[in-house]
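These notes concern the structure reproduced below.
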Amino acid sequence: MDKRLYNINLLGLSFLFLFAAYQTIGNIEETLLKSVQNEDPSFTGDGYTSLAISYFVFAMANWISPSIVDYTGCKIAMIIGAICYTMFLVSFLWLSSFLLYLMSAVQGFGAAILWTGQGTYITLNSDSSTMSRNTGIFWALSNISMVLGNTFVSSALNNKNDFDEPTRKFIYIVLIASSVFGTLLFLLLRSPVNSDGTMNERVETIGSIQEIKNTMSLFLTKEMRLLNITFFFTGLHLSFYASVYSSSIGFTKRMGSNSKQLVGLSGILIGVGEILGGLIFSILGQKSSDNNTNSKGLSHSAVIVLGFIVNIVAYGLIFINLPNDSPFGDTTAISFIDPNQHLALFCSFLLGFGDSCFNIQLYNIIGLRYSENSAPPMALFNFMQSIAAAVSFYYSNYFGIYVQLILLMASLTMATLSFFNVDESTNKR
């Protein structure tokens with residue numbers, strides 16, 4: 001196998017096992033902790049608050065993550081980040097509100113260096129002809145994690161109405177083992193190489209202070225200001241599909257007696273949508289990256305239009321299918337229609353596919369436009385995305401699902417228009 005393609009595939013597998021653990025916990029955290037509170041009223045930990053802390057620290061740490069990645073290298077940075085994820089999962093074995101929130105902050109710090117290292121590593125193993133292919137392969141492989149992790153949770157909850165203590169402990173142990181295995185796989189990553197197999201040394205080593213100044217300067221450019229709007233939307237969308245939506249399905253009692261099991265099934269369908277998007281855009285990757293009017297592939301903007309349509313349809317269907325108070329806890333309230341399991345799971349698939357449309361094209365734009373030094377733009381991508389996710393997780397304790405969907409629709413529209421401007425500028429350049 002081509003050395004660069006080997007690196008991309010192994011990177012995807014490492015993320016697969018790491019995020020089979022983390023994304024699964026994120027998907028069920030709110031409903032799982034509600035079960036803990038029902039058994040132990042003294043426990044006050046909240047899933048949305050935990051995730052808000054995680055993403056807030058993630059956002060802040062992105063200002064120093066390029067310096068850390070520059071100092072340690074991509075591989076070591078990603079290993080450190082993966083260890084932080086594993087520490088967060090281990091904390092569930094000794095649940096307390098303080099430990100939960102502390103480890104959420106540790107995980108957020110690890111996420112910043114993990115994802116900055118990941119974006120840099122993909123860029124260093126790609127060129128203009130392989131960037132779309134490589135991001136598509138990575139996206140498809142890494143998002144198999146959602147299918148595997150949530151399939152496991154659905155099986156663990158088979159014929160059960162809630163997360164009882166033995167079920168919770170079993171889930172924790174299996175997910176921790178998956179996270180440890182994913183962390184170990186990072187040790188097998190090879191150094192980034194060029195197409196001829198030589199070491200890729202495109203990234204210039206510079207001081208930490210200068211790296212922060214460069215990141216701030218980039219943040220203020222016109223192109224990055226436009227991209228920030230799109231980055232921000234992906235964060236709102238991420239928090240919605242990663243936890244709020246699946247939890248809302250589980251809390252909607254009118255879905256049926258198996259509503260808690262639907263949380264895992266929702267995560268599976270989200271993962272299927274993500275994987276399908278990654279595979280499609282990987283196949284069309286080389287054509288898309290060419291941005292040639294004679295090409296049979298989809299341009300970046302065409303994929304974004306597809307993502308806009310898919311997400312709008314999903315938001316509209318969710319609006320009529322779920323009751324407004326479904327994010328807050330168990331509810332028997334009515335919605336515009338009688339809540340339908342099949343419609344809810346179809347929307348899960350749409351949310352995953354729509355997310356892949358936006359994220360893969362953003363990785364492509366960053367890799368093509370900022371190929372000489374991708375760490376700062378990747379850090380800004382992660383910063384805006386995680387700030388938006390933190391804000392979304394915070395207001396999820398106060399805003400019903402209708403307000404959240406309206407905010408998503410508005411930000412989606414602005415994100416799409418902003419991306420068009422940047423893509424047009426990139427094509428001209």
When the distances between all Cα atoms of the range 1-126 are binned every 5 Å from zero, what whole-number percent does each bin get?
2, 11, 19, 21, 16, 12, 8, 5, 3, 1, 0, 0
Extension gain, Leu188 back to Phe170 (0.36 nm per residue minus Cα-Cα distance, nm):
3.6 nm
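If packing is taken as the mean number of other Cβ atoms within 10 Å per residue, what is the order of 339-352, 177-190, highest first? Write down the numbers at each step before the final one.
Details: 339-352: 20.9, 177-190: 17.9.
The packing order, highest mean first, is 339-352, 177-190.
Heavy atoms only, probe 1.4 Å: what % of the accessible area of the chain goes to carbon and sulfur, would you let me know?
Values: 10480 of 15910 Å².
Roughly 66 percent, rounded to a whole number.
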Efficiency of FRET from Cβ geometry, Ile309 and Leu417, R₀ 25 Å, rounded to 0.05:
0.95
Probe 1.4 Å, protein heavy atoms only - accessible area per residue of the chain in square angstrom:
37
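Past 27 Å, Cα to Cα: identify those pairs from Lys3/Lys213; Lys75/Lys222; Lys169/Lys260; Lys3/Lys222; Lys34/Lys75, in the order given.
On the way: Lys3/Lys213 34 Å; Lys75/Lys222 32 Å; Lys169/Lys260 17 Å; Lys3/Lys222 36 Å; Lys34/Lys75 37 Å.
Pairs exceeding the cut-off: Lys3/Lys213; Lys75/Lys222; Lys3/Lys222; Lys34/Lys75.
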Cα centroid distance between the range 325-402 and the range 58-115, in Å?
21
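For Leu5 and Thr72 in the same chain, what is the full-extension length gain: residue separation times 0.36 nm, less their Cα-Cα distance, in nm?
21.8 nm
Only helical DSSP H runs with n ≥ 4 go in: add -39500 (n - 2.57) per run for the chain, normalise by residue count and round the 222 nm mean residue ellipticity to 500 deg cm²/dmol.
-25500 deg cm²/dmol
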Among Lys160, Lys253, Lys222, whose mean-square fluctuation peaks in a Gaussian network model of the chain (Cα, cutoff 10 Å)?
Lys222
Rounded to two decimals, the Debye log10 I(q)/I(0) of the range 314-394 (Cα scatterers, no solvent) at q = 0.11, 0.13, 0.22, 0.26 Å⁻¹ is -0.47, -0.61, -1.06, -1.21
Going by average Cβ density within 10 Å per residue, which order do the peptides 102-112, 262-272 take, highest to lowest?
262-272, 102-112
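Report the gain in length on full extension from Ser42 to Asp330: 0.36 nm times residue separation, minus Cα-Cα distance, nm rounded to one decimal. Each step should come with its number before you reach the end.
Working: separation 288, 0.36 × 288 = 103.68 nm, distance 1.94 nm.
Taking Ser42 through Asp330 to full extension adds about 101.7 nm, to one decimal.
The values are calculated or read from the model by the stated rules, or taken from the named source; none is laboratory data. Just so it is clear, the structure is predicted and the values come from calculations on it, not from any experiment. Ideal geometry is used to build each Cβ from the backbone, glycine not excepted, and the neighbour counts take in all protein chains shown. For the accessible areas, the whole protein counts, side chains as well, though only heavy atoms, and no ligand, DNA or RNA atoms are used. Shrake-Rupley method; radii C 1.70, N 1.55, O 1.52, S 1.80 Å.
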